[in-house]
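Visitor: Below are the structure tokens for one structure; questions will follow.
The values are calculated or read from the model by the stated rules, or taken from the named source; none is laboratory data. In this text the structure is predicted, and so the values were computed from the model without any measurement. Glycine gets a Cβ as well: all are built from the backbone with ideal geometry, and neighbour counts include every protein chain shown.
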Amino acid sequence: MVWFAEMAPEGYRQAAFLTPRMAPMGEARYGFNLDDVLLRDRSVPVGGAPAHFIFISAFCCSTLLARLLDSTGALVLREPTVLGQVSMLRYPPGADCGWEEEWRAWAELGIRMLGRSFSPGQTVVAAKAWPEIRRAVRIIWP
């Protein structure tokens, strides 16, 4: 299941992290089966600008960096959950060799969805602290 929530640009700027506990996501959240989202993407691909990534080694000064980037007009995604989920799915217990192709499809979709912005041409920056995620992103975009 994947969940979507509507957020205003100001909500992104105010959110310490993009989690339901820390971001003003409101009451309206929409859940979809992962297979349905992937099927929809194959018929009408998710658009958007390429997301840029900043991988940090600890939860230290990332808010300061995010606020600096916010001031340039960029849409800064602080600790987007999808990156952690993609990374954890990379080697699930009991997965066989055929899992790689399926994982790559999910990972590409999840990371492309980060490129959606509020206005055309707006730069999207995802800031995440976790070395495993950096490895997963490099596998998709070497």
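Visitor: If we scan segment 55-65, do we find a residue that is at pLDDT 80 or above, exposed (fewer than 12 other Cβ atoms within 10 Å of the Cβ) and over 17 Å from the mean Cα position of the chain (by Cα)?
Guide: yes
Visitor: Has segment 9-18 got at least one residue that is of a type in the set (Lys, Arg), modelled with pLDDT under 85, surrounded by 11 or more Cβ atoms within 10 Å (Cβ to Cβ) and under 22 Å from PRO120 (Cα atoms)?
Guide: From segment 9-18, those of a type in the set (Lys, Arg) are 13; that's our starting set.
With the extra rule that they be modelled with pLDDT under 85, the set shrinks to 13.
Right, trim to surrounded by 11 or more Cβ atoms within 10 Å (Cβ to Cβ) and you get 13.
Next, only the ones that are under 22 Å from PRO120 (Cα atoms) stay: 13.
Yes - at least one qualifying residue is present in segment 9-18.
Visitor: Are any residues in segment 43-74 hydrophobic (A, V, I, L, M, F, W, C) and assigned to a loop (DSSP other than H, G, I, E, B), and if so, which ones?
Guide: Filtering segment 43-74 for residues hydrophobic (A, V, I, L, M, F, W, C) gives 44, 46, 49, 51, 53-56, 58-61, 64-66, 68-69, 74.
Selection gives VAL44, VAL46, ALA49, ALA51, ALA58, PHE59, CYS60, CYS61, ALA74.
A quick yes/no check of all residues on (1) outside any loop (DSSP other than H, G, I, E, B); (2) among the small types (Gly, Ala, Ser):
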| site | (1), (2) |
| --- | --- |
| TRP3 | yes, no |
| MET7 | no, no |
| GLU10 | yes, no |
| ARG13 | yes, no |
| ALA16 | no, yes |
| MET22 | no, no |
| GLU27 | no, no |
| LEU38 | yes, no |
| ASP41 | yes, no |
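Visitor: Select from segment 73-99 the residues that are under 16 Å from ASP35 (Cα atoms) and surrounded by fewer than 19 Cβ atoms within 10 Å (Cβ to Cβ) and list them in ascending order. Show your work before the answer.
Guide: Initial filter on segment 73-99 (under 16 Å from ASP35 (Cα atoms)): 82, 85-86, 89, 99.
Answer for segment 73-99, where residues must be under 16 Å from ASP35 (Cα atoms) and surrounded by fewer than 19 Cβ atoms within 10 Å (Cβ to Cβ): GLN85, LEU89, TRP99.
Visitor: With respect to MET88, is the statement that it is on the phi < 0 side of the Ramachandran plot, part of a loop (DSSP other than H, G, I, E, B) and hydrophobic (A, V, I, L, M, F, W, C) true?
Guide: Details: on the phi < 0 side of the Ramachandran plot: yes; part of a loop (DSSP other than H, G, I, E, B): no; hydrophobic (A, V, I, L, M, F, W, C): yes.
So MET88 fails the test.
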